[in-house]
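Below is one structure, written out as structure tokens; comments come after it.
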Amino acid sequence: MQKRGISELIATFFIVGVTVAVAAIILTWGTIFFQRAQGDVDEAIGLSELSERVDIDLESANSVDGIRIENTGTEIITHIIVRSGEQSEQIDLVSNEGVLNPFEIKNYNVSITLNPGENVEVIPGIFENGEVKFLGAKTDEVTVSGVCVGQPDGAPCDDGTYCNGLDQCS
């Protein structure tokens, strides 16, 4: 019986060729993976450096005056995200009530409902390199207060408490 097959030389070339092809595919995939990982690291470092220059203090929130924010950092805050309960609103400060400059305090009206007793969270955003970057690590939170502006002492507030003479529900 005669055996038929390919010669040893051709088989060796075939194995070497397949090995080189697989190595090239893995090398290409590895290069792309490394470049993406490097880009992610560079972006994270950039956001980290930016975070060092951004800080806010959400001073108060109520249904009449909206929210009062102080920019305690050195960057101009151009956008904010306001969250309360299940509601969320992104506000472009440039086209609405004006940016929040460093060390400035401003009141901003919001379209979401601010219910007394609920927490409100604000996330600052900075316009940099043609895009808005929100810094989730720099959030601040406060509990919404009731308001009894112009109410006499002892008058009931909208949250069921009573006005304490400071024009605030307590």
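Descriptive notes on the structure:
- Solvent-accessible surface ranking, highest first, for LEU9, LEU100 at 1.4 angstrom: LEU9, LEU100
- In Hz, Karplus ³J(HN,Hα) per residue of segment 114-129 (6.51, -1.76, 1.60; θ = phi - 60°; x = Gly, Pro): 9, 8, x, x, 7, 8, 10, 10, 10, 10, x, x, 10, 8, 8, 6
The values are calculated or read from the model by the stated rules, or taken from the named source; none is laboratory data. For clarity, every value in this text was computed on a predicted model and none was experimentally measured. Protein only, heavy atoms only, side chains kept; ligands, DNA and RNA dropped before computing areas. Shrake-Rupley method; radii C 1.70, N 1.55, O 1.52, S 1.80 Å.
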